[in-house]
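The values are calculated or read from the model by the stated rules, or taken from the named source; none is laboratory data. What you see is a predicted model, and the numbers here were worked out from it, not measured in a lab. Every residue, glycine as well, gets a Cβ built from its backbone with ideal geometry; the counts of neighbours run over all protein chains shown. The protein model used for the area step is the full one, side chains on, heavy atoms only, and it has no ligands, DNA or RNA in it. Shrake-Rupley method; radii C 1.70, N 1.55, O 1.52, S 1.80 Å.
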Amino acid sequence: MTPQMCFFLSIAFSLVAWSIVAKRYIWPRLRSRQRPDALRPILVLHAFRFEGLAFLVSGVVSPDLPAAFAHSAAYGDLGAAILALLALASLSSGAGVVIAWLFNLWGTFDLLRAFYEANAGGLMPGQLGAAYFIPTILVPLLLVTHVLVFKILLQQRRAPETALR
């Protein structure tokens, strides 16, 4: 099996596995919560997207890693992490939902763009070095949780129930 096929299969299996985890364990716990409470754990997860900066660290990745991919992926992830933290900090205000939308649109686009640029730039899986786990384990998780954020943001929310007297 070629390295490219191993890479593709790793991403595909991870996407399937994370989708099962989300459907079975994550979504059932989030779907009945109020929007801010449902968004918090996902935004905290995405605050760790600063890990994309690893694409800029020589010795972690190959010096042959295409610079266009490395810079775009690293700074796109950093932007998503910053937006996730801003959304998290402002969830209690009206701006929180707006920033959550910005985060989710930016973050989803960033991940899809990285896949495109990796393919268009002829990225070889070995060029990722120790950062190989980012697109094979983390990116599928991040994509699945972006779908959950879209569901949360689009879901009609009931007003909090008041106790009967």
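For this structure, a couple of remarks:
- Segment 2-61 shape via C-alpha gyration tensor axes, a/c threshold 1.5: oblate
- Taking the Cα centre of the chain as origin and assigning +1 to Lys and Arg Cβ atoms and -1 to Asp and Glu Cβ atoms, the resulting dipole is close to 1020 debye.
- Apportionment of accessible area to carbon and sulfur, the chain, percent (1.4 Å): 69 percent
- Length-normalised contact order of segment 1-130 in % [C-alpha pairs under 8 Å, at least 6 apart]: 29 percent
- For the chain, the longest principal axis of the C-alpha atoms and the axis of helix 67-90 are separated by about 10°.
- Value of D in µm² per second that Stokes-Einstein yields for segment 44-119, Kirkwood Rh from Cα pairs, at 37 °C (0.692 mPa s): 255 µm²/s
- For the chain, the average shadow cast by the Cα convex hull is 10.6 nm², which is a quarter of the hull's surface.
- Per residue, the chain exposes 57 Å² of accessible surface when a 1.4 Å probe is rolled over the protein heavy atoms with every protein chain present.
- Nearest-ten-degree value, helix 35-46 long axis tilted from longest Cα axis of the chain: 20 degrees
- With Cα atoms, 0 to 90° folded angle of helix 3-21 axis to the chain main axis: 10 degrees
- Dividing the helix sum by the residues of the chain, where each DSSP H run of 4 or more adds -39500 (n - 2.57), gives a mean residue ellipticity at 222 nm of -20500 deg cm²/dmol.
- Protection proxy ranking for 29-42, 63-76, using the average of other Cβ atoms within 10 Å per residue and placing the highest first: 63-76, 29-42.
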